[in-house]
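Student: Pasting a structure here, questions to come.
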C-alpha cells in the first residue's frame, strides 16, 4: 500500500514527485512514480528530430534545477530527455518504467476501509496492480492524437499522418502537402516542408492569429485563467495556443511575407488525390499532415466515471471534484509546459494535506 502513486514522469509528474519528497515522503516506499516510457523525457522523447530546442514553443525549468543555456540547435527530444534524466537522478525519484497504467478504480470495500471514507484505489497496470491511498495522474496528451473527420478522408489515396507520427520534412521533398491545423506545430511544419522543396497548402478553420505575446507581461496568467474557466465548468479544455494565438516571431513574419504561412481557409473535403477548400477551390495533393492537436489521455480513469455531460471533468485547480482521492495534472492549463511545474507542486501539496487530514480522522 502506497500513500501516493504518481502516474506519468513528464514535467508535471516529476514536479509532483519532487515536492512530495521535499515534504518527507520517501520515493519507492511512501510514493511511487510510474511511467509508460522506456526512459526519461516524457512526451518530449517522441518529438521529431528536426524540432530543435530553439524552435520549441517553450520548455520551463523543473523545480530548483535550471536547464541553463544548452545548444539551441540540438533536437529538443535529446536535450529534454537528458535534462529529465539528470533531474530524476539528482533527486533519486526511482521512477518505475516502462509501466503502462490501464485503469484506476476503487479497491474492493472492506469494513476497515470503505471507499467513501478514504479507502484505497487500485492502479492496474500491465506489470501488475498497485494499491494506494491517493493518485496524482499526469499522463498529458501525447498518446491521444486528435484526427478530425472530413468527407472523403477514408478514400484519399495519398499519405496521411498526424503530428504524433511526423519524423522528417525530407520525406516529402518535391511533394504537394496539405497541412491542416492552426497551431505552432502546423506553422513549423509548413516552413520546414517548404525549405526542402515541398509545395505546401495550409488549411485552418479560422484565420491564423499571430500575436506579439511579449507585449503583455501577464499573458501566461491570462491563458491559465481562460483555460481553467472551462475545466471548472466541466467542459473539455481548449489548447493553450487556442487562447494565446501564434507568437509573432521574425521566422513566422518571413513565412507570412513569402506566402507560406497564409491559410487557404477551412477544408471542405478530400478526394482520392485532392483537397477541396471551403471556397470551392481544389488542389491536387500527395499527402495530408494533420496538425490538429491532442486530447487529454484519460482512458485509465474511465472506471471512476468522472466525465460530465459536456465531456469534461469538473476541476478546482488540480482537484477533481467528483473524486477527492485523485489529483489531476497535465489537464487543462497544466497540459503545457507553461503551467505543468506549478501544477505538480500544487498537486503534491494538496495530496500531503489530504493525507494528514485522513490520518486525523478517528477510527470507528
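Student: Right, residue 288: within 23 Å of residue 107 (Cα to Cα), in contact with a strand residue (DSSP E or B) (Cβ under 9 Å, 6 or more places away or on another chain) and in contact (Cβ under 8 Å) with a residue 24 or more places away in the chain or not?
Tutor: Values: within 23 Å of residue 107 (Cα to Cα): no; in contact with a strand residue (DSSP E or B) (Cβ under 9 Å, 6 or more places away or on another chain): yes; in contact (Cβ under 8 Å) with a residue 24 or more places away in the chain: yes.
Here the answer is no, as residue 288 does not meet what is asked.
Student: Can I ask one more? Exposed (fewer than 13 other Cβ atoms within 10 Å of the Cβ), over 20 Å from residue 43 (Cβ atoms) and at pLDDT 95 or above: does that describe residue 218?
Tutor: Details: exposed (fewer than 13 other Cβ atoms within 10 Å of the Cβ): yes; over 20 Å from residue 43 (Cβ atoms): yes; at pLDDT 95 or above: no.
Here the answer is no, as residue 218 does not meet what is asked.
The values are calculated or read from the model by the stated rules, or taken from the named source; none is laboratory data. A quick note: this is a predicted structure, and the numbers were derived from the prediction, not measured. Virtual Cβ from ideal backbone geometry, glycine too; neighbours counted across all protein chains shown.
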